Amino acid sequence: MATQNPMVKCTVDQCTHWMNGNQCMAARISVYNDESSGTSRSADDTQCKSFHERKTVGDMVGALHNANVGGTMMAAFADGKQIMPSVECFVNNCVHWSSGNMCHAGTIEIAGRNAAKTQDTDCETFRAK
Ligand code: SF4
Ligand code: SF4
């Protein structure tokens, strides 16, 4: 069976992986539960573990180890092309989650206004089972 990968829309412009157009240029993102409770009852409890706060130009360079270079190139050269990081998710009580830590939503929205740490980010597409 072909594996499905959601389109990622992200508004966390404090992240080194964020790009204009609310795109994520990471090669892969990981979505986790709230660490203290180990589960999620609402989107607030979920987080993008791949968030890395953008502070300096060096952070941009440091983020390149997880850069979707092929996707970035495609986005740069093909107008309207959406970058597609692969998504792994450990929030197994979400209706979109399936075994193998897959997300079967068509699109996910990551948000976190003025985020400074991973806990400040949320998967807004989370829906509890
Ligand atoms: S917060 Fe997550 S989804 Fe958003 S740009 Fe950063 S790594 Fe990508
Ligand atoms: S929609 Fe659900 S399964 Fe998909 S990444 Fe978000 S929390 Fe995980």
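The values are calculated or read from the model by the stated rules, or taken from the named source; none is laboratory data. Keep in mind it's a predicted model, so treat the numbers as computed, not measured. Cβ sites come from the backbone with ideal geometry, for glycine too, and all protein chains shown count toward neighbours.
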Condition set at pLDDT 95 or above and in contact with a Gly (Cβ under 6 Å, 6 or more places away or on another chain), scope segment 71-121, selection surrounded by the fewest Cβ atoms within 10 Å (Cβ to Cβ): answer is Asp120
### Filter result for Ser30 (touching a residue at least 24 places away in the same chain (Cβ under 8 Å), at negative phi and away from ligand 1 (no atom under 14 Å from the Cβ))
no
Log entry, pairs with first residue in segment 109-129 being within 22 Å of Asn5 (Cα to Cα) and within 9 Å of ligand 1 (Cβ to nearest atom), second being part of a loop (DSSP other than H, G, I, E, B) and of a type in the set (Gly, Ala, Ser), beta carbons closer than 6 Å, six or more apart or on different chains, reads Thr121/Gly112; Thr121/Ala115
The residue that is nearest to ligand 2 (Cβ to nearest atom), considering only those in segment 79-129 that are among the polar types (S, T, N, Q), assigned to a loop (DSSP other than H, G, I, E, B) and out of contact with any strand residue (DSSP E or B) (no Cβ under 8 Å at 6 or more places or on another chain), is Asn92
Those residues of segment 1-45 which are within 22 Å of Gly100 (Cβ to Cβ), more than 11 Å from the chain's Cα centre (by Cα) and polar (S, T, N, Q) amount to Thr3, Gln4, Asn5, Asn33, Thr39, Ser40
